[in-house]
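The values are calculated or read from the model by the stated rules, or taken from the named source; none is laboratory data. Not measured: the values here are computed from a predicted model. Here the Cβ positions follow ideal geometry from the backbone for every residue, glycine too, while neighbour counts run over all protein chains shown. The protein model used for the area step is the full one, side chains on, heavy atoms only, and it has no ligands, DNA or RNA in it. Shrake-Rupley method; radii C 1.70, N 1.55, O 1.52, S 1.80 Å.
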Amino acid sequence: MIPLFFLVVCAEGLVAFLLMVKIGPLRELVIKGLDQVKMRRATVLTIAGTIFVILLSNLFSILKIQNKGAKHGTMTPMDQVLWRTNLLEATLMGFSLFLGFLIDRMHHYMRKLIKLRSNTGVSKQEVEMLEKEKLQLKEKEEKAAAEVKRLQKEMSSLAENLNKLRSESAEKDKKVETAEAHVAALQKQAADLLLEYDRLLEDNQNLQTQVLGHRG
């Protein structure tokens, strides 16, 4: 049994070493293998429980042999061999359980670390996407600001043209009013001339009538 537990301790030490030190793809392979082992958690717990029971049995045997030696004042050679064998087995089993617990914790925290790194990678991608969107929004904002400036220039130019047209329209309105006043004055003058012409015609007819009367 001692060679078997010695091989188990060596294998566990190798697994713990590969979890601590990254050597090519070996760490990933070990983690995947431990994932498969943890899927059979009941079997693993049964084996660990059996080893723990054997460990307690060995410790009990060690204490029994020590108590026997204390009663007789010394241990027989056979008891010494059994005591050393049980002590070595208990040491290997205890170290095996400790390494198993250590590997379980290391695997657990390695999985957490991998998950955190993947989440960090996703977060970095999201930050990069947000940065790109921010740049795009900034470009759109700059284009919008340039468009607003162009529209403001066009509006100011149109306002100037409108004011110019209003002043020209006011001048034309004044000219039209002046022309209308002049036409009204001419119309009044023409009406006066027509009245004077009618009066002269009437006077002419009266004079002709008087001349004819004198001739008759």
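Accessible area of Ile65 (1.4 Å probe, protein heavy atoms only, ligands and nucleic acids ignored): about 20 Å². Computed from backbone phi, the HN-Hα couplings of segment 92-109 come to 5, 5, x, 5, 5, 5, 5, 5, x, 5, 4, 5, 4, 5, 4, 4, 4, 6 Hz, rounded to whole numbers (Karplus: 6.51 cos²θ - 1.76 cosθ + 1.60, θ = phi - 60°; Gly and Pro given as x).
Can you tell me the orientation of helix 26-39 relative to the chain, as the angle in degrees between its alpha-carbon axis and the longest Cα principal axis, to the nearest 10? In the chain, helix 26-39 runs at an angle near 80 degrees to the longest axis. Each part gets one Cα centre, and for segment 187-202 versus segment 105-167 those centres are 85 Å apart. Solvent-accessible surface (1.4 Å probe) assigned to Thr50 amounts to roughly 70 Å². Converting phi to 3J(HN,Hα) with the Karplus coefficients 6.51, -1.76 and 1.60 and the offset θ = phi - 60°, segment 130-146 yields 5, 5, 4, 4, 5, 5, 4, 5, 5, 4, 4, 5, 5, 4, 5, 5, 5 Hz in sequence order, with x at every glycine or proline. Note on Met20 and Glu128: with the Förster distance fixed at 45 Å, the Cβ-Cβ geometry gives a FRET efficiency of about 0.90. The residue list Leu151, Ala181, Leu137 was ranked by how far each Cα lies along the charge dipole of segment 135-184 toward its positive end, using unit charges on Cβ atoms, and Leu137 comes out on top. Taking the longest Cα principal axis of the chain as reference, the axis of helix 41-72 is set at about 30 degrees.
For Glu126, the accessible area of its heavy atoms, probed at 1.4 Å with every protein chain present, is near 100 square angstrom. Largest GNM mean-square fluctuation across Ala185, Ala170, Ala42, computed for the chain with C-alpha springs under 10 Å, falls on Ala185. For the pair Phe101 and Glu196 in one chain, pulling the backbone fully straight at 0.36 nm per residue adds 20.4 nm over the alpha carbon distance. For Lys149, the aspartates and glutamates whose Cα comes closer than 15 Å to its Cα, not counting residues fewer than 8 places off in the same chain, are Glu141.
Just to be sure I understand the model, the point goes 7 Å from the Cα along the line to the Cβ. What's the resulting Lys138 to Arg41 distance in nm? Each label point is offset 7 Å from its Cα along the Cβ direction, giving 4.9 nm.
In a simple Cβ point-charge model (Lys, Arg +1; Asp, Glu -1; nothing else charged), segment 41-146 has a dipole of about 280 debye relative to its Cα centre.
Here the chain is treated with +1 on each Lys and Arg Cβ and -1 on each Asp and Glu Cβ, and its dipole about the Cα centre works out to around 2660 debye. Heavy atoms of the protein chains alone define the surface here; on that basis the chain has 81 Å² accessible area per residue at 1.4 Å probe size.
For segment 62-216, what % of the accessible area comes from carbon and sulfur atoms, probe 1.4 Å? In segment 62-216, the share of accessible area belonging to carbon and sulfur is 61 percent. Ordering Thr50, Gln125, Leu162 by the projection of their Cα atoms onto the charge dipole of segment 26-163, which places +1 on the Cβ of Lys and Arg and -1 on the Cβ of Asp and Glu, puts Thr50 at the extreme positive end.
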